[in-house]
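The values are calculated or read from the model by the stated rules, or taken from the named source; none is laboratory data. Please read all numbers here as calculations on a predicted model, not as lab measurements. Cβ: placed from backbone, ideal geometry, glycine included. Neighbour counts: every protein chain shown. To get the accessible areas, we keep the full protein, side chains included, count just its heavy atoms, and leave off ligands, DNA and RNA. Shrake-Rupley method; radii C 1.70, N 1.55, O 1.52, S 1.80 Å.
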Amino acid sequence: MNLFQAGVVTVISAFFIGYLFIVNSRPGIKYGIPFIVQARSSFGYNGARIASLIRVLPAVFWYGIGSWIGAAATNYITETIWGYSNIWLYFILFQVLQTAIAYFGINSIKWFDSLLSVVVLGFLIYITVQLINVGGLKIADNWNTTGSWGMPFFAAITACVGVLITAIINNADLARYLENKPRYNTIGHFFGIVPMFVIMLVIGILAAAATGIWDPVQAIVSVIPNPIVAVAMMIFIIVAQFTSNLTINIKPPALVLMETFNFTWGVSVIIVGVLSIVTFPWLLITSSAFNTFIAFYSAFLGPLLGILIADYYFVHKQNFDVDALYKRDIKYNWLGLGSLLIGGVIGVFFLSISWMVSMPISAILYWAGYKVYPSYKSHKSNNEVEIPS
């Protein structure tokens, strides 16, 4: 794709992600329930644990990947400036520090992310301006190259959305702490997610176009004017990886371990940290199958998200019987689990656009099941209680 097409992919992906965050946050805001409780409505009490495992397994992988990216970036900068290289030391330090911050609870994550988000935004803007100044002519040339509006275009959207689809699914874990006001949901998620996501994608695109280097860290370092800025850049990379991992990749699997095995928060955080190391992120991120990895898990996460949305908006009409969600009367909702499996398998056959195919298929199958099968229609009507907003 040329730069214009890459820009279109960025805008479409960002707005789509923002919209999905807003839509799937509503149950958490309205009822104050976490993701795993929301999932019980469509998958059953025990079935929700299966759904949550599908959600958190990629998070464990991304935790390790994020730490390795941060370690590699730190190692590249220290090697370039001071001639010192020890990526394994940096990787272990990343894991230990992130686990320590998360260990002290959700509030520590909240304050860490809030205080340092301004630092991240400031450096993102600086990097964008620097890339444009250094690679102006090369960027202009890349704008006019021949590109494709076919499968590569849609595959790019699939990959961009696939990176954050995990966070969209369990966003009730965070949204439940917002006040039950529509504008908090819409404004907070749209302006909190879309601009940052656009800037990050733009930086990756501009870095490759301006320098010809496809590794974004090396490309960014190559346009940094002096060692002082490079050190600041290293701090930015560390902060960016910490905030992403703490919010998206540590908290969800830790909560699932707490709910499923009755572990304490601290023990759960430590287990997640250890598991993220044994995913061997240093092998995965350098593998030619890395994009396939994203597309594969997106093939099943798409159906999971589609079913959650269909259940809340089309089956229950935005009204849950919250008390029923805490009962163990229905251990497995086979309609939800079956729809998830069918959609996921079909998505695998269309791997490059996996969730684009699998999400609507599973959502329609699930909704149709409640319309067609009397037992599910009866279950829905007996358990649906009108609760005012």
Computed lengthening from Lys371 to Thr186, 0.36 nm per intervening residue step minus Cα-Cα distance
63.6 nm
What's the ranking of 341-349, 182-190 by average number of surrounding C-beta atoms within 10 Å, highest first?
341-349, 182-190
Hey, if we sort Trp282, Trp68 by accessible area with the 1.4 Å probe, largest down, what's the order?
Trp282, Trp68
If I take R0 = 51 Å and measure r between the Cβ atoms of Leu341 and Leu89 in this structure, what FRET efficiency does the formula 1/(1 + (r/R0)^6) give, to the nearest 0.05?
0.75
Run the numbers for Val274 and Ser287: contour at 0.36 nm per residue of separation, minus the present Cα-Cα distance, in nm.
2.5 nm
Calculated FRET efficiency for the pair Ile50/Trp82, C-beta based, R₀ 56 Å, to 0.05
0.70
Probe 1.4 Å, protein heavy atoms only - accessible area per residue of region 170-329 in square angstrom:
45 Å²
Projected onto their principal axes, the Cα atoms of region 1-81 stretch, largest extent first, over whole-Å spans of 53, 32, 22
